[in-house]
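What follows is a short report on a single structure.
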Amino acid sequence: MTETKSETTNKNSNTDKTAPIGVFDSGVGGLTVVREIMRQLPNEKIIYFGDTARVPYGNKSRETVVRFSEQIMRFLKTFRVKTIVVACNTASAYAMDALERDCDVPIIGVVKPGARMAAEVTRNGRIGVIATEATIGSQIYTKYIQELNRNVTIYGKACPLFVPLVEEGLLEDPVTDEIARRYLTELIDIDIDTLILGCTHYPLIRSTLGKIAGPDVTLVNPAYETARELRRMLTGMDLLGEDAPKLGSNQYQFYVSDMAEKFVTFANSIIKYGILSAKTIRIEQY
Ligand code: DGL
């Protein structure tokens, strides 16, 4: 089974609506998904894991990304999560099959919701996808979009410099502008009308990307679409949190595999809910 057929499992061993949602990424990028979940599902508790010791995943092999993702799934399961969100395009592209096989709670990745929205909004059938080398190489967006609509052409472009630029905080900077122009020119020249931000870091440079792509190109943010899909899924399974978690209940907990302080500084710069702390854990023990 590939992600293109089923990105959301139906298994469900945890019917406790008050249980947390597990979310993971290779590092800080998944915080763009967390931010959307906080906005769209304010009653949910979140356990976030960022693999800051082993980032980036985007230039690693499938086997390695699957091994890392399975360790993280086992770690998140120790919190009795009711669902897991794979808030990393690379892990969604490579590891969904393995995770689905081994997990007894529903899992949702970021690729399918983004692909579905792009297939819906394109008018001229020319969709650009920007992402890591791994995600582009996997052709996962192409496969899924073409399952929905055969008449659409997808143009993938790996943009490996965007992740370090975002992590350096160069969100609005002439250097980022210049690099974005170089990456996007070939997509603009082939007249795409839709651009998928296929890496969880990219929503943070959305305004630069929008400026360069121009007003005729619709940007699709899979982080936003994933939170909407999560809401639909939890509602459908009668698992949506109904009441705001009690004060002092640690609604949002953050774990990383290295550099917790740096993570907290970055997280607080993009999420305004106040991420007071993050704990470092030895993920390879799981
Ligand atoms: N979070 C990753 C993704 O969405 C990008 C960073 C990395 O390469 O690990 O693909």
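Toward the positive end of the charge dipole of the chain, with +1 on the Cβ of Lys and Arg and -1 on the Cβ of Asp and Glu, the farthest Cα among 171, 226, 267 is that of 226.
Place a +1 charge on the Cβ of each Lys and Arg in region 189-286 and a -1 charge on the Cβ of each Asp and Glu, then give the dipole magnitude about the Cα centre in debye, rounded to the nearest 20.
On the way: 10 positive and 12 negative charges, 98 e Å.
Using only the charged Cβ atoms, the result is roughly 460 debye.
Assuming R0 = 35 Å, can you tell me the calculated FRET efficiency for the pair residue 59 and residue 207, based on Cβ-Cβ distance, to the nearest 0.05? Efficiency for this residue pair is about 0.85. Approximating the spin labels as points 7 Å out from Cα along Cα→Cβ, the residue 262-to-residue 124 distance works out to 4.1 nm.
Using only side-chain charges placed at the Cβ, +1 for Lys and Arg and -1 for Asp and Glu, the dipole size of the chain relative to its Cα centre rounds to 560 debye.
Which is farthest toward the positive dipole end of the chain among 236, 197, 127, measuring Cα position about the Cα centre, with Cβ charges +1 (Lys, Arg) and -1 (Asp, Glu)? After comparing all options, I get 236.
If you put +1 on each Lys and Arg Cβ and -1 on each Asp and Glu Cβ, how big is the dipole of region 17-91 around its Cα centre, in Debye rounded to 20? Spell out each step's value before the answer.
Numbers: 12 positive and 6 negative charges, 47 e Å.
So the dipole magnitude of region 17-91 works out to roughly 220 debye.
Relative contact order, whole percent, for the chain stands at 26, derived from Cα pairs under 8 Å and 6 or more residues apart. Quick one: grab the alpha carbon gyration tensor of region 88-141, order the square roots of its eigenvalues as a ≥ b ≥ c, and give me rounded if a/c is under 1.5, else prolate or oblate depending on whether a/b is larger than b/c. Taking the square roots of the gyration eigenvalues as a ≥ b ≥ c, region 88-141 is oblate. For the residue pairs 77/272; 60/82; 157/262; 112/272; 143/279; 82/262, alpha carbon separations beyond 32 Å are given by 143/279.
The label-point distance for residue 191 and residue 173, in a model that sets each label 7 Å from Cα toward Cβ, rounds to 3.7 nm. Under 5 Å from the amide H of residue 256 lie the amide H atoms of 50, 279, 280, 281, each residue being 5 or more positions distant or on a separate chain, with H modelled from the backbone and absent for Pro and chain starts.
Farthest toward the positive end of the dipole of region 52-198, out of 145, 187, 99, is the Cα of 99, where the dipole comes from beta carbon charges about the Cα centre.
Values quoted throughout were computed directly from the atomic coordinates according to the rules given, and no laboratory measurement underlies them. This is a predicted model, so every value here is computed, not measured. Neighbour counts run over all protein chains shown; Cβ positions are idealised from the backbone, glycine included.
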